[in-house]
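Below: the structure, in structure tokens.
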Amino acid sequence: MYCKCREPLIAYKVFDNMPERNVVSWTALMSGHVLNGDLKGSLSFFTEMGRQGIYPNEFTFSTNLKACGLLNALEKGLQIHGFCLKIGFEMMVEVGNSLVDMYSKCGRINEAEKVFRWMVGRSLISWNAMIAGYVHAGYGSRALATFGMMQEAKIKERPDEFTLTSLLKACSSTGMIYAGKQIHGFLVRSGFHCPSSASITGSLVDLYVKCGNLFSARKAFDQIKEKTMISWSSLILGYAQEGDFVEAMGLFKRLQELSSQIDSFVLSSIIGVFADFALLQQGKQMQALVVKLPSGLETSVSNSLVDMYLKCGLVDEAEKCFAEMQLKDVISWTVMITGYGKHGLGKKAVSIFNKMLRHNIEPDEVCYLAVLSACSHSGMIKEGEELFSKLLETQGIKSRVEHYACVVDLLGRAGHLKEAKHLIDTMPIKPNVGIWQTLLSLCRVHGDIELGKEVGKILLRIDRKNPANYVMMSNLYGQAGYWNEQGNARELGSIKGLQKEAGMSWVEIEREVHFFRSGEDSHPLTLVIQETLKEVERRLREELGYVYGLKHELHDIDDESKEENLRAHSEKLAIGLALAKGGLNQKGKTIRVFKNLRVCVDCHEFIKGLSKITKIAYVVRDAVRFHSFEDGCCSCGDYCFFIDEQEKVAVVFDVDGYRDTETARYHTAFIIGDDGYFKSVSLGEAPNVYDGKPGHLGYTPQFYCPPLVCSSSYIPSSV
């Protein structure tokens, strides 16, 4: 009674004064500890009970297996399972149910399946545990198949609220809206009164939101009699993620009016959406609200605020919020490390990681991934290798394929492509698509066509339906001038009906967010934007000798069309609008643009030049990192577009003033040699430098040669 009334200390006093205790007394106290969140306390009592010679019953095993599952304590769970086998309790339904649940929560879904198959008399709880296990492991289709088996088994009990909630979660996690509608139909046909069940209706709202059907989500939401925080947050986040911030904030204001006790989950989730879309003003409004609410003091909310400022490009504000946090968990430190990494501040990321260790906070696998990624972004090879070695030596943390991908990236950027390939071939984990894509990207950067072909074949064998793989192969061939192979790779992707994700950028101007997709002209100010871009291009050509990076565009269209394609890139359109609205004389101001994909080489060099001639700072967040452009330089140090120093063409001189292909091969180039000095060669002697297409190399001291713009500082003083 005291345990269930949340009074564990009084319960322990009663237990302590009992003259005689049996297995029921001990189990009641253990259940109380689990109920009140003291999971380790329950396991300690289980050990103590054994020392006093009292044998457990099925409920004792069930309680402590539940504690192991919630603690993710697999080793202790295995020991208890072994004890069950020794004394013959493993065949009891209550123990079997708890074993399925424990293995599922500890990430051992195969072991959970084995236990489930061995069970003789399965109850509804057994089926629920297996279905929930599949959902937890991300196997939504298996969960639905298991429900079908349960229907065929014709068990006595009907599916309950827990069953149906798990099934709806399975559908929402896999985007299976048709299956979700069937479950919804089953609920209606079976006479289940959905509005009376907050968990089921909340799951329906979540299903329709995640499948992009906001109309049905709103319909289900409006039917709920007693709306929970989960249902409110699901719908608010649904509208926000679809870009309908007016409706999202309208619902949030309604929630504020109805309840002053908005929990930390809702707050951190909404701040998270603003962070993903880099909506700084809305994020600041949320911070002003957060300080007035008791739940705003919770660590999860503070973590979201730090993350929001980092994703909006305000590192100083993020550092301030982080310093003011009363309690910091491993997530807090990981958010800062990730942010520093994406801003190219690798040394700060490693420094704060070491500071975290000094505060006796143990890093988890995500934290290690963040700091390794930071080293990768900043080219800190030595530090990255040391951290990776430390990860492999740390007990209790398993290295993931993503950790190896960071090391592959580090090795590849240093030019050690063979070592990177060897690491993938010999690592103890099965390589995934992502790590092969990392290596293929590095092959393109270094122009290693042979290794690139080998990696490309592997990628197309294991992931032939991914359009990104065909695009990467096309780029590899195009970079090296293999136009036929480039066309074949592009055509193969088209035949399979694959389309790559469209580039999208957005910019916030006067509290209004403007979205642009590459190549679209639907914005009402499109003509003004195009005129503004043409004007800055003219200034870039005149003042810096800027030439479009046509080499990276399609080979089989004319140069004018290529220029139009490049001008229509989404980040350029967003910047064009910001310049059109504020004018070209915004000296000292900062324009922030955000993109869903990586910034291309041409746009990177374009914005670098733009920052120099306009004296405006540009902060661009792409899918990988931040680029802060100021006075002609980028914070990434052009590291993202790295090529071997010994292969850089410093400057090409048009000796005779000719522009035609025939005479170009006689012109002179200077290449940085092994000794660091310039050496003079003719273009005919410089391999992979000139591909015979006018315009691919400039003819002025400041010329464009993708992926590098060489300023006049590269020219030897003797010339």
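Kindly provide the trypsin sites (Lys or Arg not before Pro) of the range 138-186 that DSSP labels as loop, not H, G, I, E or B, and whose Cβ sees at most 16 other Cβ atoms within 10 Å.
Lys154, Lys156
Step through the table entries Lys292/Lys398; Lys382/Lys457; Lys156/Lys219; Lys347/Lys612, compare each Cα-Cα distance with 29 Å, and write down the pairs that go over it. If you can, show how the numbers build up before the last one.
Details: Lys292/Lys398 41 Å; Lys382/Lys457 31 Å; Lys156/Lys219 33 Å; Lys347/Lys612 27 Å.
Lys292/Lys398; Lys382/Lys457; Lys156/Lys219, as the Cα separations exceed 29 Å there.
Just list whichever of Lys105/Lys390; Lys348/Lys418; Lys40/Lys76 have alpha carbons separated by over 19 Å in the model shown.
Numbers: Lys105/Lys390 27 Å; Lys348/Lys418 30 Å; Lys40/Lys76 11 Å.
With Cα atoms farther than 19 Å apart: Lys105/Lys390; Lys348/Lys418.
With the dipole of the range 1-80 worked out from charges on the C-beta (+1 for Lys and Arg, -1 for Asp and Glu) around the Cα centre, which of Asn17, Ser44, Asn72 lies farthest toward the positive end?
Highest projection toward the positive end goes to Asn72.
Could you rank the peptides 211-218, 573-580, 439-446, 10-17 by their average count of other C-beta atoms within 10 Å per residue, with the highest value first? Provide the component values of the computation, followed by the final result.
Working: 211-218: 17.1, 573-580: 24.6, 439-446: 22.0, 10-17: 13.6.
Those peptides, ordered most packed to least, come out 573-580, 439-446, 211-218, 10-17.
If packing is taken as the average number of other Cβ atoms within 10 Å across a peptide's residues, how do 62-73, 450-461, 350-361 rank, most packed first?
Values: 62-73: 22.0, 450-461: 17.1, 350-361: 14.2.
Descending mean neighbour count gives 62-73, 450-461, 350-361.
Read the figures in this text as sums done on the coordinates, not as results from a lab. Note that this is a predicted model, so its numbers are computed, not measured. Note that each Cβ is placed from the backbone with ideal geometry, even for glycine, and that neighbours are counted across all protein chains shown.
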